[in-house]
Structure formats: C-alpha cells, structure tokens
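The values are calculated or read from the model by the stated rules, or taken from the named source; none is laboratory data. It should be emphasised that the depicted structure is a prediction, and the values quoted were computed from it without experimental measurement. Every residue, glycine as well, gets a Cβ built from its backbone with ideal geometry; the counts of neighbours run over all protein chains shown. Protein only, heavy atoms only, side chains kept; ligands, DNA and RNA dropped before computing areas. Shrake-Rupley method; radii C 1.70, N 1.55, O 1.52, S 1.80 Å.
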Amino acid sequence: MIVAIDGPAGSGKSTVSRLLSARLGAVYLDSGAMYRTLALACMEEKVDTENEDAVLALFKSIDIDQKIVEGGQVVLLNGRDVSEAIRTLEITAAVPPIAAMPRIREQMRVCQRAFGEKAGDGMLVAEGRDMTTIVFADADVKFYLDASPMVRAQRRHNELKQKGVEVGIEELAREIERRDNSDIRREVGALKIAEDSVVIDTTGLGIDQVVDRLYEEVQSRRGR
Ligand code: C5P
C-alpha cells in the first residue's frame with residue numbers, strides 16, 4: 001500500500017510523515033532529502049547548479065540513500081552521513097534551480113520509485129511536492145497538507161531554534177514565499193493538489209492531531 005503526501009514547506013509534512021510511517025510500520029521516503037543531497041553534492045563538487053547536463057552527470061555518479069535509525073532520519077551520500085549538512089539555509093536556497101530541471105526530476109522519479117520497491121508487499125509513506133501527482137500518482141491514499149504562511153514560518157523558526165540557529169520570522173517567511181513560488185510555478189513537477197487528495201489544513205492543529213487524522217484515514221481505506 002502506498003501513502004503519498006504533498007504540501008508546501010512548513011506544512012508539517014515531514015514530521016507528520018515520519019510519525020505516521022513509524023505508526024504504520026511503513027518504509028519512509030523523504031523525497032526533499034534527495035533533492036537536498038544532490039544540491040550538497042553539487043556544492044561539494046563545485047558543479048554549476050544552472051547546468052543541467054553537469055548536474056545530471058553528477059547525479060548519475062553518486063549514491064543517495066536514507067533510512068530511519070532509532071526513530072531518527074539518516075541520509076547518506078555515497079555512504080557518508082549528511083543528515084545535518086543537507087538542512088542548512090545554503091542548501092535550502094540551492095535546491096530550487098535543481099528541482100526545476102526536467103531531466104533531474106525524471107531521474108529522481110526513477111530513483112524514488114526504486115526506493116519505494118523496498119516496501120515490497122508492505123507499506124510506503126512518501127512525502128514531497130510531486131508524490132501524489134507524478135511519482136506515486138497511483139498511490140492508494142493521498143494527502144495534501146497545508147497551513148497559513150505565518151504558521152509555516154513560525155514552525156521553521158522553532159525547528160531552526162532547536163538546532164541553535166537564530167533566523168528572524170520575517171526572513172523565514174520570505175524564504176518560504178520564494179520556495180512556494182518556485183515550487184508552484186515550475187514547468188515540471190509543480191506543487192499542486194491531486195484531484196483525489198484528502199486536503200488537511202494543519203494551521204490550528206497539533207502534530208499528534210494531524211497524525212491521528214491521517215492514520216484513521218489510512219486504516220479506513222485498508223479496511224475497504
Ligand atoms: O521537503 P523539503 O523542504 O526538504 O524539500 C526541499 C526542496 O526540494 C523543496 O523546496 C522543493 O523545491 C524540492 N522538492 C521537490 N520535489 C519533491 C520534494 C522536494 O522539488 N518531491
């Protein structure tokens with residue numbers, strides 16, 4: 001069974017998807033982590049992130065993997081733990097041009113579907129921007145999570161603060177707006193609501209409430 005979850009930055013998607021997959025005993029795919037890892041590899045190898053041929057050649061030469069270890073996410077680039085390194089503001093800013101490249105998205109789709117095969121007959125929870133519309137357009141259950149821009153900026157602020165990084169809420173709101181614009185407007189793999197998605201506004205909801213809501217929906221579909 002495939003559960004696909006999309007939504008904009010700060011909608012609570014990653015936290016909720018991780019908790020949901022743990023509760024379901026599912027394999028978890030964070031597709032954003034793959035784009036972030038490719039951006040990190042570009043920076044490390046000094047590959048021009050405007051040059052699609054060069055980015056694609058690099059992508060094909062590296063190994064990106066991810067797993068959950070003791071409840072925490074571990075992202076690997078050629079076997080090296082880059083879980084922290086991919087979450088910096090520099091990497092966040094470096095991803096959009098890469099994520100807008102058609103051939104990169106095509107190759108990502110192949111890798112993401114291959115990763116999904118790990119679930120075998122079990123469950124997969126996949127989250128990102130185009131999981132419900134393209135990569136797992138045939139998913140059994142689809143969700144679109146959203147929240148008001150201010151709440152999303154506040155969540156990013158709290159997340160960074162926990163890591164000891166102080167960034168003003170206004171700056172984060174601008175960063176989120178820039179990412180929204182590029183995620184929504186790009187020609188391929190744009191963020192949009194799939195017709196058969198269950199849309200949940202998480203603005204006034206706590207994480208546990210959202211996870212409960214998704215879990216119940218998945219269980220009810222399982223029983224059908
Ligand atoms: O989900 P996260 O914020 O970590 O994703 C980082 C960036 O990767 C997003 O801003 C988006 O541009 C890109 N992305 C994407 N398609 C996905 C997942 C993420 O384009 N399926």
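Could you check region 185-204 and list, in sequence order, the residues that are free of Cβ contacts under 8 Å to residues at least 12 places away in the same chain and within 12 Å of the ligand (Cβ to nearest atom)? Correct list: R185 only.
Would you check if there is a residue in region 176-187 being open to solvent by less than 50 Å² (accessible area, probe 1.4 Å), modelled with pLDDT under 95 and part of a loop (DSSP other than H, G, I, E, B)? Yes, that holds for at least one residue. Which one of these does V69 not meet: (1) under 20 Å from S14 (Cβ atoms); (2) open to solvent by less than 60 Å² (accessible area, probe 1.4 Å)? With (1) under 20 Å from S14 (Cβ atoms); (2) open to solvent by less than 60 Å² (accessible area, probe 1.4 Å) applied to V69, the lone miss is (2). For the criterion of being more than 12 Å from the ligand (Cβ to nearest atom), open to solvent by less than 50 Å² (accessible area, probe 1.4 Å), part of a helix (DSSP H, G or I) and not hydroxyl-bearing (S, T, Y), V47 fails.
With respect to the stated conditions, I86 fails to be closer than 25 Å to V165 by Cβ, of a type in the set (A, V, I, L, M), in contact (Cβ under 8 Å) with a residue 40 or more places away in the chain and surrounded by fewer than 21 Cβ atoms within 10 Å (Cβ to Cβ). Is it fair to say M131 is within 18 Å of S197 (Cβ to Cβ), within 12 Å of the ligand (Cβ to nearest atom), surrounded by 20 or more Cβ atoms within 10 Å (Cβ to Cβ) and among the aliphatic types (A, V, I, L, M)? Yes, satisfied. Just wondering, is there one or more residues in region 139-161 that are modelled with pLDDT of 95 or more, outside any strand (DSSP E or B) and within 21 Å of E106 (Cα to Cα)? There is at least one residue in region 139-161 that is modelled with pLDDT of 95 or more, outside any strand (DSSP E or B) and within 21 Å of E106 (Cα to Cα). For region 203-219, the condition holds for no residue, the condition being that it is at pLDDT 95 or above, closer than 16 Å to G7 by Cα and part of a strand (DSSP E or B). Consider region 31-44 and keep the residues that are over 11 Å from F59 (Cβ atoms) and either of a type in the set (V, I, T) or more than 7 Å from the ligand (Cβ to nearest atom) (or both). The one that is surrounded by the most Cβ atoms within 10 Å (Cβ to Cβ) is L40. Of the residues making up region 115-128, not one is crowded, with 23+ Cβ neighbours inside 10 Å and in a loop (DSSP other than H, G, I, E, B). So, of the residues in region 97-128 that are among the aliphatic types (A, V, I, L, M) and in contact with a Gly (Cβ under 9 Å, 6 or more places away or on another chain), which turns out to be nearest to the ligand (Cβ to nearest atom)? By that ranking, first place goes to A99.
Yes or no: region 90-105 includes at least one residue that is in contact (Cβ under 8 Å) with a residue 40 or more places away in the chain, in contact with a Ser or Thr (Cβ under 7 Å, 6 or more places away or on another chain) and part of a loop (DSSP other than H, G, I, E, B). Yes: one or more hits.
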